[in-house]
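One structure is given here, and the rest of the page talks about it.
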Amino acid sequence: MIDVGTNKIKCLGIMNGTSIDGADFVLIEIDKADFSCVYSGMQSFSFPKKLKDRLLKAVQHKIFVNELALLHHDLGRYYADCFKKLKPSMQDVHLIGLHGQTVFHKGGLASLQIGESSYISQEANAIVVSDFRAGDIALGGQGAPIATFFHSGVFGKKDTVVSIHNLGGISNLSLINNGKLEMGFDTGPANMLIDMAVKIHTKERKQFDKDGNLARKGKSNGNLVKKMLQHKFFKIKPPKSCGREEFGEAFYSKYKKELHKLKLEDRLATLTDFVAQSIAMAYTKHCKSLPREIIFCGGGANNKFLLEKISDCLPKIKISTTLNSGWPVQSVEGAAFAYLAAARGLSLNSNLPESTGARRGTSLGKITKV
């Protein structure tokens, strides 16, 4: 247990996901007595082009081990440089939860996040908790999703079933029944393939389909959606996790010829429809209880057309976002790793076997103090 000498713990969470656009720094304050927390602020930073290009090569497994080692340290230095640019109120922290950049994830076998934690520990003069997934994998778990601990702790409601659903590069849900996690798992892709299509078409001039406006103008190719929904991941029962290995460049390449026969608007409508249907299928096929409300977070929660398509697929379920509860949609994943860091500091079990399949609970993360 880490003694922070106060009943209110200020924790900073740092998150960059599979979309590789930048890093979010999210500050929360946790009450030690009941482990409740409130949102305190957020700042986001874009990756410099050279660093982003190297990260993209790393996640595509196109670099040598010496290059990966250098990138691991350079990304750590980047986090420390960003910390210097934070508002003074966000620099006053007891603990930092650093997720790092996932460069490989194979659920139940291995997961590797890079971004050396020593640099920001030294810069912030604070304890950093990182490498959250390995402990769960050692206990037979998938190592993901692990934000479920935060989702259930902060958004769970009594006497009802709700789902907190993250739309990052990958999509994952946390089904919470009467305030307790019933199950949580990755459902497949969210923004990753849609963003990829935009970047390829615009030669990186645009990074995403803002509000889904381009997809809204197009028409989905239903036959192609059916083909993509045949991916073996959708047949696996939870607990399960996925990443770029399943729904990244290789997946896009498999369908590239058919996708690129379509005009851009139709291409994006098809991919958006695919994402929406895969999410709806996850609820109808795998969830023990259907939620009364799905509360979306992550960058994809800003895609209004995607949320409309999901609602069309699940017409009896209320659709909302975490902003309605005072949490900006982009803040939730960063806040989750701040929350996980606090749990590690207090030696609280933070992996939930209901979502990862681990044999038992444990306090996730490794501690760095320079």
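Lys316 falls short on exactly one of the conditions (1) touching a residue at least 40 places away in the same chain (Cβ under 8 Å); (2) surrounded by fewer than 24 Cβ atoms within 10 Å (Cβ to Cβ); (3) within 30 Å of Leu229 (Cα to Cα), and that condition is (1). Looking for something over 23 Å from Leu56 (Cα atoms) and of a type in the set (Val, Ile, Thr) - is there at least one such residue anywhere in the range 211-229? Yes, there is a match, as at least one residue in the range 211-229 is over 23 Å from Leu56 (Cα atoms) and of a type in the set (Val, Ile, Thr).
If the condition is being in contact (Cβ under 8 Å) with a residue 60 or more places away in the chain and hydroxyl-bearing (Ser, Thr, Tyr), then the range 51-86 contributes only Tyr79. Could you grab me the full set of residues in the range 157-189 that are farther than 17 Å from Gly248 by Cβ, touching a His at 6+ places or on another chain (Cβ under 8 Å) and not polar (S, T, N, Q)? If the condition is that a residue be farther than 17 Å from Gly248 by Cβ, touching a His at 6+ places or on another chain (Cβ under 8 Å) and not polar (S, T, N, Q), then Ile164, Leu173, Ile176, Leu181, Met183, Gly184, Phe185 are the ones that fit.
For the range 135-151, filtering for residues that are among the hydrophobic types (A, V, I, L, M, F, W, C), in contact (Cβ under 8 Å) with a residue 60 or more places away in the chain and surrounded by fewer than 21 Cβ atoms within 10 Å (Cβ to Cβ) leaves 1. Name the residue, out of Leu306, Leu290, that is in contact (Cβ under 8 Å) with a residue 12 or more places away in the chain, surrounded by fewer than 16 Cβ atoms within 10 Å (Cβ to Cβ), closer than 19 Å to Leu173 by Cα and not assigned by TED's automatic domain parsing to the domain that holds Ala23. Being in contact (Cβ under 8 Å) with a residue 12 or more places away in the chain, surrounded by fewer than 16 Cβ atoms within 10 Å (Cβ to Cβ), closer than 19 Å to Leu173 by Cα and not assigned by TED's automatic domain parsing to the domain that holds Ala23 holds for just one of Leu306, Leu290, which is Leu290.
Quick one: in the range 259-274, which of the residues that are touching a Lys or Arg at 6+ places or on another chain (Cβ under 8 Å) and in contact (Cβ under 8 Å) with a residue 24 or more places away in the chain is farthest from Cys297 (Cα to Cα)?
Taking the range 259-274 and keeping what is touching a Lys or Arg at 6+ places or on another chain (Cβ under 8 Å), we get 259-260, 265-266, 269, 272-273.
Filter once more, keeping what is in contact (Cβ under 8 Å) with a residue 24 or more places away in the chain: 259, 265-266, 269, 272-273.
Details: Leu259: 28, Glu265: 25, Asp266: 26, Ala269: 21, Thr272: 17, Asp273: 19 Å.
My answer is Leu259.
Filtering the range 106-132 to residues that are without any contact (Cβ under 8 Å) to a residue 24 or more places away in the chain, closer than 23 Å to Lys84 by Cβ and in contact with a strand residue (DSSP E or B) (Cβ under 8 Å, 6 or more places away or on another chain) leaves only Gln113. Pairs linking a residue in the range 186-212 that is at positive phi to a residue that is part of a strand (DSSP E or B) and crowded, with 20+ Cβ neighbours inside 10 Å, with Cβ atoms under 7 Å and 6 or more positions apart or on different chains, are Gly188/Ser171. Condition first: modelled with pLDDT of 95 or more, within 23 Å of Leu56 (Cα to Cα) and in contact with a Phe, Trp or Tyr (Cβ under 9 Å, 6 or more places away or on another chain). Can you find one or more residues in the range 249-260 that meet it? Yes, that holds for at least one residue.
Name every residue in the range 343-366 that is within 18 Å of Ile137 (Cβ to Cβ) and more than 19 Å from the chain's Cα centre (by Cα), in order of residue number. Let's see the steps before the verdict.
Taking the range 343-366 first, the residues within 18 Å of Ile137 (Cβ to Cβ) are 343-344, 349-366.
Scanning the range 343-366 gives Arg344, Asn349, Ala358, Arg359, Arg360, Gly361, Thr362, Ser363, Lys366.
The values are calculated or read from the model by the stated rules, or taken from the named source; none is laboratory data. For clarity, every value in this text was computed on a predicted model and none was experimentally measured. Please note: Cβ atoms are built from the backbone with ideal geometry, for glycine as well, and neighbour counts cover all protein chains shown.
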